[in-house]
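Please read the structure below before turning to the comments.
Quick note: the coordinates plus some simple rules give every number you see, no bench work behind them. What you see is a predicted model; the values in this text were computed from it and never measured. Cβ coordinates were reconstructed from backbone atoms using ideal geometry, including for glycine residues, and neighbour counts include every protein chain displayed.
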Amino acid sequence: MLPEGFLLNGGIDMLHDKLPGRNDPCWCGSGRKYKSCHAQTDQRMAALAAQGHLVPERKLLKTPAQIEKIRQSAKINVAVLDEIGRQIHEGMATSEIDRIVYDMTTAMGGIPAPLNYKGYPYSVCTSVNDQVCHGFPSEKVILRDGDIVNVDCSTILDGYFSDSSRMYCIGQVSEEKRKLVEVTRECVELGLQEVKPWGFLGDMSQAVHDHAKKHGYSVVKEIGGHGVGLEFHEDPFVSYTGVRGTDMVLVPGMIFTIEPMVNMGTDAVCTHIDNDWEIFTADGKPSAQWELMVLVTEDGYEVLSW
Ligand code: MF3
Ligand code: CO
């Protein structure tokens, strides 16, 4: 532990910024005095950092005003995925999903975040069966009876980002695939239950991994979740094969995604040689993913997008 008053004396490199005086307005813009706003949080983070724990940089702690903007962005994201749920059907080309996402997002005042992101050429990712993620919507990809498909939607509204994805089952899906989809959803739910202030990202991560393993599934290691809100992808990298009690400390105001990719077979994946985007399972077996975006609150969590 640090000596009392350590924070007030400066020497707080781990927080990356100078702290306000106790009676000054808090850096978060709440309008409250620092001493009755983030002073305790900063002190607690500094103490944990001094013990060797990874604590978030201050820019990862969203202010109340930022959270409100991100909530508005997420409302579009949720509405678009709801609409996809109503419209998705056997015989539909995934390019049609792309069109719906673009039209609805822009009609609601947003921009699809994937479009032109690092050269990504579509408004949404549609990943079918053995596609793990980043599937390109295409008029050549027609949804067939028995397919499972992930639709991954992300929105920018006034510069604020939201991100979530859902699985859709087309027609009669085999018991095997349906179970993969269900268990993956349970993984996200169990991970979510671990999200609380002053817990660890690894608590969530291990809960996800344990549940997947219990059912004989594997979890993709090299692609994960991320902080989100002011940018599409912020720190931290969110693993779903981590260990309880390790990784970043969860602090109120952090927003990140829980989006494990759960494979029926091997966790090994490969990337499409032509476009360097689309990811497939190495063994051709199915993969499922659900994604939600969660805010760490003072007493637990709030799901912002799902
Ligand atoms: N939406 C994906 C995620 O969950 C990111 C896709 S990047 C894109 O992080 F460019 F492919 F859209
Ligand atoms: Co994401």
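Of note:
- Proxy reagent accessibility, fewest Cβ within 10 Å first, across M108, M293: M108, M293
- Interchain or long-range residues, amide H under 5 Å from V141's placed H: T94, S95
- The ratio of the alpha-carbon radius of gyration of the chain to the globular-protein estimate 2.2 N^0.38 Å is 1.05.
- Placing unit charges on each Cβ (+1 for Lys and Arg, -1 for Asp and Glu) gives region 130-288 a dipole about its Cα centre, and among F232, I279, V243 the Cα reaching farthest toward its positive end belongs to V243.
- Residues T184, T297 in ascending order of nearby Cβ atoms (within 10 Å, fewest first): T297, T184.
- Sequence-distant residues sharing a close amide H with V251 (under 5 Å, placed H): W198
- Helix-only CD estimate at 222 nm, as mean residue ellipticity for the chain, using -39500 (n - 2.57) per DSSP H run (n ≥ 4): -9000 deg cm²/dmol
- In Hz, Karplus ³J(HN,Hα) per residue of region 185-193 (6.51, -1.76, 1.60; θ = phi - 60°; x = Gly, Pro): 5, 4, 4, 5, 5, 5, x, 4, 4
- Ascending count of other beta-carbon atoms within 10 Å, so fewest first, for C26, C187, C169: C169, C26, C187
- Amide H contacts of V269 (H built 1.01 Å from N, under 5 Å, at least 5 apart or other chain): A282
- Computed 3J(HN,Hα) for region 248-255, one whole-Hz value per residue from the Karplus formula 6.51 cos²θ - 1.76 cosθ + 1.60 where θ = phi - 60°, is 5, 5, 8, 10, x, x, 6, 10, glycine and proline marked x.
- In order through region 226-232: 3J(HN,Hα) via Karplus (6.51 cos²θ - 1.76 cosθ + 1.60), integer Hz, x for Gly, Pro: 6, x, 7, x, 8, 9, 5
- Checked against a 30 Å cut-off, the cross-linked pairs K118/K214; K69/K118; K75/K214; K59/K118; K140/K213 give Cα-Cα distances beyond that limit for K118/K214; K75/K214; K140/K213.
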